[in-house]
1. Among the numbered conditions (1) at pLDDT 85 or above; (2) open to solvent by 50 Å² or more (accessible area, probe 1.4 Å), tell me where MET524 comes up short.
2. Tell me, which helices (runs of 4 or more DSSP H) lie completely within region 154-259 with 3 or more residues that are within 23 Å of TYR308 (Cα to Cα)?
3. If I ask for residues that are open to solvent by 90 Å² or more (accessible area, probe 1.4 Å) and among the β-branched types (Val, Ile, Thr), which ones from region 505-521 would you list?
4. Run down THR453, THR502, THR529, THR489 and say which single residue is touching a residue at least 40 places away in the same chain (Cβ under 8 Å), among the hydroxyl-bearing types (Ser, Thr, Tyr) and either in contact with a strand residue (DSSP E or B) (Cβ under 9 Å, 6 or more places away or on another chain) or open to solvent by 80 Å² or more (accessible area, probe 1.4 Å) (or both).
5. Please go through region 248-273 and pick out each residue that is open to solvent by 50 Å² or more (accessible area, probe 1.4 Å) and of a type outside the set (Ser, Thr, Tyr).
6. Quick one: in region 283-315, which of the residues that are outside any helix (DSSP H, G or I) and modelled with pLDDT under 85 is least open to solvent (accessible area, probe 1.4 Å)?
7. What number goes with the only condition from (1) closer than 30 Å to THR462 by Cβ; (2) open to solvent by less than 40 Å² (accessible area, probe 1.4 Å) that ILE245 does not pass?
8. For region 90-146, give me each residue that is outside any loop (DSSP other than H, G, I, E, B), at pLDDT 75 or above and open to solvent by 90 Å² or more (accessible area, probe 1.4 Å).
Amino acid sequence: ELDFLKKIPSGAEASNVLVGELDFLQQPIVAFVRLSPAVLLPGMMDVPIPTRFVFVLLGPEGKGREYHEIGRSMATIMTDEVFRDVAYKAKEQADLVAGIDEFLHQVTVLLPGQWDPSIRIEPPQSIPARQERKLQGALDDSAAHSKPGNHSCPELEWTGRLFGGFRQDVKRKAPWFCSDFGDGLSLQCLASFLFLYCACMSPVITFGGLLGEATEGHMSAMESLLGASITGVVYSLFAGQPLTILGSTGPVLVFEKIVYKFCKEHTLSYLSLRACIGLWTSLFCLLLVATDASSLVCYITRFTEETYTSLICIIFIYEALGKLGQLQDTYPVDMHNKLDFLTTYTWFNVSLAAPANGDLKSRIWDQDPPTLSSSKLSLLPLCYHCPAALFLQECQYLHGDFEGPACAHNGPYAPNVFFWCCILFFSTFILSNLLKKFKTSPYFPNKVGRRSTISDFAVFLTIVLMVILDFLVGIPSPKLHVPDVFKPTRDDRGWFINPLGTNPWWTVLAALIPALLSTILIFMDQQITVAIVNRKEHRLK
């Protein structure tokens, strides 16, 4: 229809209205889609112009005429200039409903049987101005950009009373406290439970291991697991909307490193000073609650949220790739290896002369022990450890040093570990994305619910499949180290720490400064995360 295309102004965009009947539907399904950017859909229009809006109405059989009339009405509404402006700028469903209401206010209804179609209807005396018909508020460009923030709601208003916001939160939460537990008993929530278990436990234990390295075992995986368990349970039970994943982040790890380094340089007890910092931080957080400091969230802009989200994504991606790079150091790729040294060796404990540091040496020899010669010795794998360590596990437990062409950093060379970890790494990422998009795939055309279930369990199914595959293959890939016994990491202390301990009395007051920094860090981390989770488009309560 090239002749018709010449009459259409340049830059025009189309709106497609699609209605139909399906035998397996129990109730109508309506969708109004705004594409960004406009897309040229072949076979949809008589002329090749890009489509901006798509209206879809599908319903049970037997009401095709009603669906057709609804489609005609929607097409008529899309011809209205004011409603098109609303549709371009709408941010949520309520904006479209308001636009339809405004259109209906301006429509003149002619009752059937009260007029003759052959009679010409006189045009109105005056046409309402376009600016007068525009909706007030967010749908206007100037009004939309003049708002102070995206989180202005009654929950974030400053009350001006001590614990005023806290009391209002309790009043809003109390009527729904019991029903929230019953509402969570659904299959879709089960997918969230399983995903959150993996999403919470893995970083907590991993962070505990990093914390143990940074503090030389004063705080490690067990302490991190206990703290995350207590705070996670309390937060989930009493928070107004507990969908935020609690856990330590990269800035917290940096903070712990700085505190431990300071204590080590000034010969102070790290755990005692850390206990003081924790107590002061708790007091400061309590003061923030008492003064309704959460009302400041309404001034957090979308730009701040997106910047913070990007920072978190970059940190997670960097940490993931960094872990993969560290595996190459732990399990190096021997480009020019000799297979004889990888398959034919045994253990012999040969005590040599004691070196200056008092340690003894033991060597791994070939199955056919050669004579001691410097040329042959350079090709043999070596393990330095105590003379009683006759097995590989003992040498690893005593932190022996492995040298030679058949040894990696932690034992005999395993050539497949690094490449297998790369396969698991990228396979997990690709498979989880594919399963997440399974909801919109053409598989199971008559089972929409089945596709949604697979999409909801995408991450959990991927983790389970990759773990099973790793177990079946049997390559010794590194695993997450979980403590076997519930006890403090160090044997020289218990669970309760004296805030003063062996430190001078002034350290209790000096802990105010790092506690203030810790409070700011925790407040910003928590509030920005909650603001992102509670966006209006997520439709949370």
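The values are calculated or read from the model by the stated rules, or taken from the named source; none is laboratory data. Treat the numbers as computed from the prediction; the structure is a model and nothing was measured. Positions of Cβ are generated from backbone atoms using ideal geometry, with glycine treated the same way; all protein chains shown enter the neighbour counts. Just the protein is used for accessible areas: all its heavy atoms, side chains included, with ligands, DNA and RNA removed. Shrake-Rupley method; radii C 1.70, N 1.55, O 1.52, S 1.80 Å.
1. Looking at each condition in turn, MET524 falls short on (1).
2. Counting at least 3 such residues, we get 187-215, 221-238.
3. ILE513, ILE520
4. Step by step, each of THR453, THR502, THR529, THR489 is checked, and only THR502 is touching a residue at least 40 places away in the same chain (Cβ under 8 Å), among the hydroxyl-bearing types (Ser, Thr, Tyr) and either in contact with a strand residue (DSSP E or B) (Cβ under 9 Å, 6 or more places away or on another chain) or open to solvent by 80 Å² or more (accessible area, probe 1.4 Å) (or both).
5. Here is the first cut: in region 248-273, the ones open to solvent by 50 Å² or more (accessible area, probe 1.4 Å) are 248, 251, 254, 257-258, 261-262, 264-267.
Of everything in region 248-273, those that are open to solvent by 50 Å² or more (accessible area, probe 1.4 Å) and of a type outside the set (Ser, Thr, Tyr) turn out to be PRO251, VAL254, LYS257, ILE258, LYS261, PHE262, LYS264, GLU265, HIS266.
6. ILE300
7. (2)
8. GLN93, LEU104, HIS105 - these are the residues of region 90-146 that are outside any loop (DSSP other than H, G, I, E, B), at pLDDT 75 or above and open to solvent by 90 Å² or more (accessible area, probe 1.4 Å).
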